[in-house]
Amino acid sequence: MLKELKIADIKAGDEPYAISATPDPNQMLFTNRNDDLHGVGILTVTRDVTQGNSITFTATATYVQLLLG
């Protein structure tokens with residue numbers, strides 16, 4: 001059985017919904033279905049540290065607007 005482990009808390013808008021990997025191992029995409037001004041987010045890892053059994057990282061989120069008309 002897999003154990004869920006929280007290693008960071010990243011602010012990603014009101015209702016982040018889906019997340020997808022990218023070819024860049026330091027970036028992921030996510031959608032925010034409750035806010036069109038922040039509709040697609042780009043999560044970028046800015047610091048990634050592993051020391052023994054401890055894993056920590058920090059990341060920033062930037063957004064692309066989804067205004068369709």
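Rule-based calculations on the coordinates, nothing more; no lab input. Source: prediction; values computed, not measured. All Cβ positions, even for glycine, are placed from backbone atoms using ideal geometry, and neighbour counts span all protein chains on display.
What is the magnitude of the charge dipole of the chain about its Cα centre, with +1 placed on the Cβ of each Lys and Arg, -1 on the Cβ of each Asp and Glu, and no other charges, expressed in debye to the nearest 20?
Using Cβ point charges on Lys, Arg, Asp and Glu, the chain gives about 200 debye.
Toward the positive end of the charge dipole of the chain, about the Cα centre and with charges on Cβ (Lys, Arg +1; Asp, Glu -1), which of Leu68, Pro16, Thr50 goes farthest?
Thr50
In Å, what Rg and Dmax follow from the Cα atoms of the chain?
For the chain, the Cα-based Rg and Dmax read 13.9, 51 Å.
Relative to the present Cα-Cα distance, how much length would full extension add between Thr50 and Gln27 at 0.36 nm per residue of separation?
6.5 nm
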